[in-house]
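Chemist: Pasting in a structure now, in structure tokens, and then I'll have a few things to ask.
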There are 2 protein chains.
Amino acid sequence: MLSPEIDTPAILIERGVMQANLRQMQEFAGRHGVKLRPHVKTHKVPELARMQVALGARGIAVAKLSEAEVMAEAGLGDIQIANQIVGPKKIERLFALAQRARVTCAVDSAGGAEAIASYFAERGQSLPVFIEVDCGLRRAGLSDPAAVLQLARLVTRLEGLRLAGLLTHAGHAYGAKGGDEVERIGAHEGRFLVDLAGALRAQGIEVAEVSVGSTPTARFSGRVEGVTEIRPGNYIFNDLNQVALGIVGLERCALSVLASVISVPAPGRAVIDAGSKSLALDQGAHGSEALKGFGHILDKEGQLTRLSEEHGVVEFIGENFQVGERIRIIPNHACPVMNLLDRAYLVDGPQVAKVLEITARGKSQ
Amino acid sequence: MLSPEIDTPAILIERGVMQANLRQMQEFAGRHGVKLRPHVKTHKVPELARMQVALGARGIAVAKLSEAEVMAEAGLGDIQIANQIVGPKKIERLFALAQRARVTCAVDSAGGAEAIASYFAERGQSLPVFIEVDCGLRRAGLSDPAAVLQLARLVTRLEGLRLAGLLTHAGHAYGAKGGDEVERIGAHEGRFLVDLAGALRAQGIEVAEVSVGSTPTARFSGRVEGVTEIRPGNYIFNDLNQVALGIVGLERCALSVLASVISVPAPGRAVIDAGSKSLALDQGAHGSEALKGFGHILDKEGQLTRLSEEHGVVEFIGENFQVGERIRIIPNHACPVMNLLDRAYLVDGPQVAKVLEITARGKSQ
């Protein structure tokens, strides 16, 4: 019986696997002379962020201001908000946060930059910002080099802002058909940003940081000469998305969801107490079609074919499932799983090493 | 500007629309002589559950034991857990809960029933349980009448259990192609369960309650002679799923997500600060293919075509979107949205009437 003292559904994190994942990425960064700035939106746990910093990470990246606030409160001192900060209330909070931690954020519009600049300048301060560049994801960020140059000139001119560098996120690598395409996207991510930085420097604009992201592409973009920083997030746990892309094997997935079989109502069908409220509905990220089910069941044959909020339907043809039996599931996408429950269990096999409170869960503002 | 004192992303609930939704379902129940037992997994807010009871609901339904615990703590006294309760820890909690509220749960296996029965019997008590029946969703529940009869005989025989009735949930109605199919599924849901209750009674087994569920089917199953109770949940808010099924119009959707435009990086593309962490990834529930996007933008032309965790991508061809602009989005599925954030704003148009703490959020155990 798996961890009998833990009730289900629950998040389990295998400590040894996680530590090996952390060490390996840190070693990669050291080997290639880039700074590692883990994106902590994956785990949302200050204690794990501190562990990453203790291993050599230069600071952390977050997706939202409220995540940054939780991390700063917990003593993390170097925080990049890899996102736009928009609106008067958020700029006020950003300023307050900048009084107690080294904070940066992204900008990709003149209006967005000017609003932050004027608030900081009026108070006699300036904020270092990254210009967000789109290297193919087609989400936020500028893709036209002329637009990047224009915004960089504005940022260097505005009182209240300083240009920290350029950042991009090749999230479209999650839609790749396999390792070769991931490598191509990662190499492009790095080169595109390094070239842009070179173009800005040729115009006399100082660009200190060239920051790239994503777990699948980090190992490719991180070795491009001129990249200064990588921001992978998922690598701490890994998940089926990484396995499907060929980035790691299943044995490198540290996070699983422990669930109980609550019903075996018909031949070949079992129902578990983990649904979309604990496994999340993510299939392939950013358009990947690779994952048709909702997770991989460990140590037993069965397909998790349907989720509703509190039920998962397992179809099986082999060994029967029993009411009360417990199973572990590697999720498709680990990051949203950590957003669904309030705590996770750090385990050494069947032993609970520690209960982790996911204090940056639900921090979307 | 929409509710400028609320930061984004945020959940807004239009109070007047919600109240009209509540009244209408209560009136339907009264007109057809069935008890209304709202499924509160939709809102997860004790205060809204009390409002439903004050309007005439006979009690509430929940999906999980931990939701029941939150609701009992808040004073709700009649709680049906419309799910199996499995495992020694949960049965212990179920017993403790039964000491402070009128509680029932579902059973669909001999082993599940016996485990609960022996715990309660050893303590000189008995728990009223519903046998869960599958009327077509193919999730939990028994579909074979002979198996239902066999389990009903076991339940009536076991010290520690009493048979409260039969329950089913026609969630497959969410996969219907339109109103006619919903009506057919709903009518079948009611008749199937009433017929089963009749078959049990013919064998001398008392079946007090015949309980059916789901917002789309309630209006059809609830009028079947012999049904005693309906358990709709979503009707308090409604959402695009209900609109797509023809159950209500958009004007009856009480819940929306307020979001800010944070980037307009390319012609025809805007990015908002609400992603899957506030809108949820649900498209059609239970297999519906009707909803291809991730929500309906109110009062402005644009398609929400992609979500990542903290970003939503809007594609538009008409009027431009501006950085800092706020938009409201009716989600595909309101229930998981209430599971993602910690609070929601009850509003009267632009005025905030009340902040609701979503205290049963994340209660999956």
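Chemist: May I ask you to evaluate 6.51 cos²θ - 1.76 cosθ + 1.60, the Karplus curve with θ = phi - 60°, for each residue of the stretch B:74-87 and list the ³J(HN,Hα) values in order in whole Hz, giving x for glycine and proline?
Modeler: My calculation for the stretch B:74-87 gives 8, x, 6, x, 9, 10, 9, 8, 7, 6, 6, 10, 10, x Hz in order.
Chemist: Any idea what % of Cα-Cα pairs in the stretch B:128-206 are farther than 22 Å?
Modeler: For the stretch B:128-206, the fraction of Cα-Cα distances above 22 Å is 27 percent.
Chemist: Sticking with this one: Report the calculated FRET efficiency for B:Glu27 and B:Ala110 (r = Cβ-Cβ distance, R0 = 41 Å), to the nearest 0.05.
Modeler: Calculated value: 0.50.
Chemist: Taking θ = phi - 60°, what integer Hz values does the Karplus form 6.51 cos²θ - 1.76 cosθ + 1.60 yield along the stretch A:235-242, in sequence order, with x for Gly and Pro?
Modeler: 3, 4, 10, 6, 6, 5, 4, 5
Chemist: On to the next question. Find how many whole Å separate the alpha carbon centroid of the stretch A:110-150 from the alpha carbon centroid of the stretch B:226-248.
Modeler: Going from one Cα centre to the other spans 45 Å.
Chemist: State to the nearest 20 debye the size of the charge dipole of the stretch A:1-142 about its Cα centre, where the only charges are +1 on K and R beta carbons and -1 on D and E beta carbons.
Modeler: 280
Chemist: If you don't mind, there's one more thing I want to ask. Let a ≥ b ≥ c be the square roots of the eigenvalues of the Cα gyration tensor of the stretch A:82-160; is it rounded (a/c under 1.5), or, if not, prolate (a/b larger than b/c) or oblate?
Modeler: Note, shape of the stretch A:82-160 comes out prolate.
Chemist: Within 10 Å of each Cβ of A:265-275, how many other protein chain Cβ atoms are there on average?
Modeler: 5
Chemist: Hey, what did chain B get for relative contact order, percent, Cα under 8 Å, at least 6 apart?
Modeler: Once normalised by length, the contact order is 21 percent.
Chemist: So for the pair B:Glu92, A:Glu251, with labels modelled 7 Å out along Cα→Cβ, what separation do we get in nm?
Modeler: 3.7
Chemist: How big is the protein assembly as shown along each principal axis, measuring the range of its Cα positions in Å and listing the largest first?
Modeler: 91, 53, 41
Chemist: For every other residue with a beta carbon closer than 10 angstrom to the beta carbon of B:Ser3, add +1 if it is Lys or Arg and -1 if Asp or Glu, then tell me the sum.
Modeler: That works out to 0.
Chemist: Assume the label is 7 Å from Cα along Cα to beta carbon: what separations in nm does B:Arg58 have to the matching positions in the other copies?
Modeler: 6.6
Chemist: Over the residues of the stretch A:297-338, compute the C-alpha Rg and express it relative to 2.2 N^0.38 Å.
Modeler: Relative to the rule-of-thumb radius for its length, the stretch A:297-338 sits at 1.23.
Chemist: Taking a label point 7 Å from Cα toward Cβ, how far is B:Lys177 from its twins in the other copies, in nm, shortest first?
Modeler: 3.4
Chemist: Moving to a separate point now. Listed highest first by mean packing, meaning other Cβ atoms within 10 Å per residue, what order do A:340-348, B:109-117 come in?
Modeler: Final packing ranking: B:109-117, A:340-348.
Chemist: Still on this structure: Mind checking the mean number of beta-carbon atoms from other chains within 10 Å of the Cβ atoms in A:125-138?
Modeler: Rounded to a whole number, the mean comes out at 1.
Chemist: Only four residue types carry charge here, +1 at the Cβ of Lys and Arg and -1 at the Cβ of Asp and Glu. Report the dipole size of the protein assembly as shown about the Cα centre in Debye, rounded to the nearest 20.
Modeler: 660
Chemist: For the peptides B:175-188, A:76-89, what is the packing order when you average, over each peptide's residues, the other Cβ atoms within 10 Å and list the highest mean first?
Modeler: A:76-89, B:175-188
Chemist: How many Å³ per residue does the convex hull of the Cα positions in the stretch A:116-258 occupy?
Modeler: 126
Chemist: Apply the Debye scattering formula to the stretch A:1-102, with a single equal point scatterer on each alpha-carbon and no solvent, then give log10 I(q)/I(0) at q = 0.15 Å⁻¹.
Modeler: Taken in order of the listed q values, log10 I(q)/I(0) reads -0.70.
Chemist: Now for a separate question. So if each residue of separation counts as 0.36 nm, and I subtract the Cα-Cα distance between A:Lys292 and A:Thr156, what length gain in nm does that give?
Modeler: 44.2 nm is the gain from fully extending A:Lys292 to A:Thr156.
Chemist: Okay, next question. Ranked highest first by average number of other Cβ atoms within 10 Å, how do B:97-105, A:228-236 line up?
Modeler: In descending order of packing, they fall as A:228-236, B:97-105.
Chemist: What is the Cα centroid distance between the stretch B:329-355 and the stretch A:2-75, reported in whole angstrom?
Modeler: 31
Chemist: Once you have the alpha carbon radius of gyration of the stretch A:174-278, what is it after dividing by 2.2 N^0.38 Å, with N set to its residue count?
Modeler: The reported ratio for this selection is 1.56.
Chemist: Given a Förster distance of 56 angstrom, what is the FRET efficiency for A:Lys300 paired with A:Glu73, based on the Cβ-Cβ distance and rounded to 0.05?
Modeler: For A:Lys300 and A:Glu73, the calculated efficiency is 0.85.
Chemist: Next up: Find the chain B residue whose Cβ sits closest to the rotation axis that carries B onto A, and give that distance in whole Å.
Modeler: B:Leu281, 2
Chemist: Something else: With the alpha-carbon atoms as the only input, what is the per residue convex hull volume for the stretch A:247-357 in Å³?
Modeler: In the stretch A:247-357, the Cα hull volume divided by residue count equals 117 Å³.
Chemist: Moving on to the next point. Can you give the mean number of other chain Cβ atoms that lie within 10 Å of the Cβ atoms in peptide B:101-110?
Modeler: Mean shielding by partner chains, rounded to a whole number: 2.
Chemist: When you take every Cα atom in chain B, what is the radius of gyration, and what is Dmax, the widest Cα pair distance, in Å?
Modeler: Rg, Dmax (Cα atoms, Å): 21.5, 71.
Chemist: Neighbouring Cβ atoms within 10 Å as the yardstick, rank A:Phe237, A:Phe294, A:Phe120 fewest first.
Modeler: A:Phe120, A:Phe294, A:Phe237
Chemist: Put a label point 7 Å from Cα along the Cβ direction on B:Arg23, then list its distances to the equivalent points in the other copies in nm, shortest first.
Modeler: Output for B:Arg23: 6.7 nm, nearest copy listed first.
Read-outs throughout are calculated quantities, based only on the coordinates presented, and are distinct from any laboratory measurement. Everything numeric in this text was worked out from a predicted model, so none of it was measured. Virtual Cβ from ideal backbone geometry, glycine too; neighbours counted across all protein chains shown.
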